[in-house]
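Some notes on the structure that comes next.
The values are calculated or read from the model by the stated rules, or taken from the named source; none is laboratory data. Treat the numbers as computed from the prediction; the structure is a model and nothing was measured. Cβ: placed from backbone, ideal geometry, glycine included. Neighbour counts: every protein chain shown.
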Amino acid sequence: MIFIDEDYSRADRLAEKILRNVMIDRRYIAVITDQHIIEPGNLLYGLDTNASAARVFEALKAEPLAELVLSLGDLGDTTRNPNRETATASKDSYQHVKHLTEGLTLPLLTVAGNHDDPKLMEAAFPNQWESQKNGVCRYSFHGVDLISVDVRTGPEATGFISPETTKELDETLAQCRGALIFSHFPLFDLDNERIASGLSVTNREVLAPIFDRHRDKIAGCFSGHLHIWVSALINGIPVTSVPSSSFGFSLEPMSSDRETLSAAPCGYLLVGVATDGSVIVRPRFLPGATRNER
């Protein structure tokens, strides 16, 4: 009769699993959003968002793992238009972004947010996506396609996805082996009425059949705009709301209250993509904007 030490066997298997995971070839991107960099010498909501943006870019310059930076929007903003619904970044704002990113050697892939001016942002940061068509951008990274979806269409940034962009996303996913999807506005319903009614893609129902068709290829969807960190599994797809690098909002579960400033964690996310198709998300927390910085 042979006796097996069951505890030892389990520990041995766990050690082997850990060793295999460590040996997996994994590469990282840094995902940032909502810096709200404004004209120098100004405050937004009474906050020094330029100082918090400076901290995140200094951290990214020293980040040992990231191979590229992907911005989900509202990289720039302005204080010159008091209407927050229509305010878009000025040329001076993007000049300050360029100043803050001096010395950043990583590629910077940008997605326009509702406070960005796409033309001014493109002039300051020429497109580094490998392909761009009908509002869908694509970049190959470690065996998966990084895909951005432009939901900032029309004269104002309403979070509407056009039929051309919807069709292009479907066709792009059909060509992929695996994909990570990025957008400024959330593409899915979350557990908050305010998000569903006013802060997400307004016609997100057109995306549901596309996600159903390509669910097995989508390793994750990442969005900005909400200034909160939320993770979810929706219809089999991992969904992440990326925290702002500057300031947080309060959007409590099951609430319909408007967003208010909060002490929610700020920073950026490291997203690791492995050869086996697995994805790991790690937060890098940083101090948010404060009211007494200059």
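Here are a few things to note about the model shown:
- Every pair of residues 6+ apart whose Cβ atoms lie under 8 Å, when the first sits in the stretch 87-107 and is within 10 Å of Ile38 (Cα to Cα) while the second is among the aromatic types (Phe, Trp, Tyr): Tyr94/Phe125; Val97/Phe125
- Selection within the stretch 220-229 - surrounded by 22 or more Cβ atoms within 10 Å (Cβ to Cβ) and in contact (Cβ under 8 Å) with a residue 60 or more places away in the chain: Phe222, Ser223, Gly224, His225, His227
- Qualifying positions in the stretch 72-129 - buried (at least 23 other Cβ atoms within 10 Å of the Cβ), under 20 Å from Gly46 (Cβ atoms) and hydrophobic (A, V, I, L, M, F, W, C): Ala89
Condition check ((1) modelled with pLDDT under 95; (2) surrounded by 15 or more Cβ atoms within 10 Å (Cβ to Cβ); (3) acidic (Asp, Glu)) across all residues:
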site	(1), (2), (3)
Ala179	no, yes, no
His184	no, yes, no
Asn192	no, yes, no
Gly198	yes, no, no
Thr202	yes, no, no
Leu207	no, yes, no
Asp212	no, no, yes
Arg215	no, no, no
Ile218	no, yes, no
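- Hits in the stretch 242-294 (condition: in a loop (DSSP other than H, G, I, E, B), on the phi > 0 side of the Ramachandran plot and under 21 Å from the mean Cα position of the chain (by Cα)): Gly277
- For the stretch 93-120, the tally of residues that are outside any loop (DSSP other than H, G, I, E, B) and either at positive phi or at pLDDT 95 or above (or both) stands at 12.
- From the list Ile161, Ile147, the lone residue that is farther than 25 Å from Leu60 by Cα, crowded, with 16+ Cβ neighbours inside 10 Å and among the aliphatic types (A, V, I, L, M) is Ile161.
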